[in-house]
1. Using a cut-off of 19 Å between alpha-carbon atoms, which aspartates and glutamates can reach Lys33, once sequence neighbours fewer than 8 places away in the same chain are excluded?
2. Amide H to amide H, which residues 5 or more places from Thr55 or on other chains are under 5 Å from it, using H placed in the peptide plane?
3. Using a cut-off of 22 Å between alpha-carbon atoms, which lysines can reach Lys68, once sequence neighbours fewer than 8 places away in the same chain are excluded?
Amino acid sequence: MAREAIAVLAFVCIFCVIGLGEAEALVLAKSRKALAVLDDKEARAIVKCWNLEYTSTLTVLFEAFERKLVSYDELVEDLAKRTVAPPLVAGCEGFLSSCSASFLGDVGG
């Protein structure tokens, strides 16, 4: 992972306290210009700020069902495992609204 990506990962984890997995997904999507699969509200706000494409786990599951990659029963079972967790963090609004282009624009580029 590039030094800039590590810096962004650390910044996102510390400042917004989103989960490490979500932060890693953000950095990978940014550095590789890839689709991010995110369920965390704060992480989705960051990915929008970075102008990256994203989707949710629920969308991935539903599309797998539509393409007949999983059965209806498997879809229902996977959906039953999903729970809505309360937001981990409040207070990222300043960071998310400012979207410091000077800091975030250099990652992966």
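Please treat every number below as a calculation from the coordinates, not as lab data. All values reported here derive from a predicted model rather than from experimental measurement.
1. Those aspartates and glutamates meeting the cut-off are Glu4, Glu22, Glu24, Glu53, Asp106.
2. Ala36, Val37, Leu38
3. Lys81
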